[in-house]
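Worksheet for the structure shown next.
The values are calculated or read from the model by the stated rules, or taken from the named source; none is laboratory data. Being a predicted model, the structure only gives us computed values, none of them experimental. Cβ placement follows ideal geometry from the backbone for every residue including glycine, while neighbour counts extend to all protein chains displayed.
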Ligand SMILES: [Zn+2]
């Protein structure tokens, strides 16, 4: 371990402990003697997970980073490793935040990504979805220089797209759509609808914003809508841009991302103009195509 890495690990420890209750937490951690810092080419993973789980987590984090990098290469790679803190117990995770904060399974706080993998409070697949979502925010902020003026729909849409990637056979597979799962109900095996059916319902019932509003949306406007609707819209729109028509807009999306990172549009008019440059003149045409594409996606039968 180099001197610089040791220093970075020391920083990790301080962040893991957090400003509040640091001394008590330090005593607890020292007593358990299970917190270790694992170093990968891209991450410093600070965790009290058993070593085998920690190494698997590092493998998944590396695959996640490679996914981000394939989509958006970072210009200053190698300058800093990204800190990640994975907690084995919810209580320890909770102690790293201010008292009373409402917590989900993970969060990027502007420096570090923290998540809890206790297997009791949250299911591991749910936690990894959150890690893959928050991991993109960390990558785009720390390595791509994303700012407050970077279009929110794109930042959240990509985060949701990467969150939906499935870990299988040592690889992260993107582009899968949750079409639901069969469950036993009474004596019948019935389909419990997935995200596909939810998106189709939201389109049919007009729950989503018009695209023109979506691509110019401010953080305040984002907060006016409830989160599952927001996330379903930005995910489905991003997925559509990356996969519809054999992915013919994939390169446009990458070019658009590079443009808005280089020159973040501060005003809605400018945001719309950049969007039009990459995706065509009339957002209403694209909206029709997006809606038709999603409504045409096949849904499995309701009863197996
Ligand atoms: Zn997010």
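Only residues that are more than 12 Å from the ligand (Cβ to nearest atom) and assigned to a helix (DSSP H, G or I) were counted across the stretch 140-158, and they come to 1. Summed over the stretch 212-243, the residues that are part of a helix (DSSP H, G or I) and more than 18 Å from residue 276 (Cβ to Cβ) give a count of 19. Of the residues making up the stretch 167-190, none is within 16 Å of the ligand (Cβ to nearest atom) and in contact (Cβ under 8 Å) with a residue 12 or more places away in the chain.
Listed here are the residues, each with its yes/no results for (1) surrounded by 20 or more Cβ atoms within 10 Å (Cβ to Cβ); (2) in contact with a helix residue (DSSP H, G or I) (Cβ under 7 Å, 6 or more places away or on another chain).
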{"residue": "205", "(1), (2)": "no, no"}
{"residue": "211", "(1), (2)": "yes, yes"}
{"residue": "217", "(1), (2)": "yes, yes"}
{"residue": "231", "(1), (2)": "no, yes"}
{"residue": "246", "(1), (2)": "no, no"}
{"residue": "258", "(1), (2)": "no, no"}
{"residue": "267", "(1), (2)": "no, no"}
{"residue": "272", "(1), (2)": "no, yes"}
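Of all residues in the stretch 244-267, those satisfying the criterion of being part of a helix (DSSP H, G or I) and within 16 Å of residue 155 (Cα to Cα) are 250, 252, 253, 254, 255, 256, 257, 258, 259, 260, 261, 262.
A single member of 108, 85 is within 11 Å of the ligand (Cβ to nearest atom), modelled with pLDDT of 95 or more, surrounded by 13 or more Cβ atoms within 10 Å (Cβ to Cβ) and in the same structural domain as residue 48 (by TED's automatic domain parsing), and it is 108. Taking the stretch 32-63 as the search range and keeping residues that are free of Cβ contacts under 8 Å to residues at least 24 places away in the same chain and either part of a strand (DSSP E or B) or not assigned by TED's automatic domain parsing to the domain that holds residue 87 (or both), which one is farthest from residue 136 (Cα to Cα)? My answer is 36. Taking the numbered list (1) in a helix (DSSP H, G or I); (2) within 15 Å of the ligand (Cβ to nearest atom) in turn, residue 91 passes all entries but (2).
Restricting the first member to the stretch 119-136 and to residues that are over 17 Å from residue 45 (Cα atoms), and the second to residues that are away from the ligand (no atom under 11 Å from the Cβ) and part of a helix (DSSP H, G or I), the beta-carbon pairs closer than 7 Å and six or more apart or on different chains are 121/90. Scanning the stretch 105-132 for residues that are touching a strand residue (DSSP E or B) at 6+ places or on another chain (Cβ under 9 Å) and in a loop (DSSP other than H, G, I, E, B), we see that the one that is nearest to residue 57 (Cα to Cα) is 117. Against the conditions (1) modelled with pLDDT under 95; (2) under 13 Å from residue 152 (Cα atoms); (3) surrounded by 18 or more Cβ atoms within 10 Å (Cβ to Cβ), residue 283 satisfies every one except (2).
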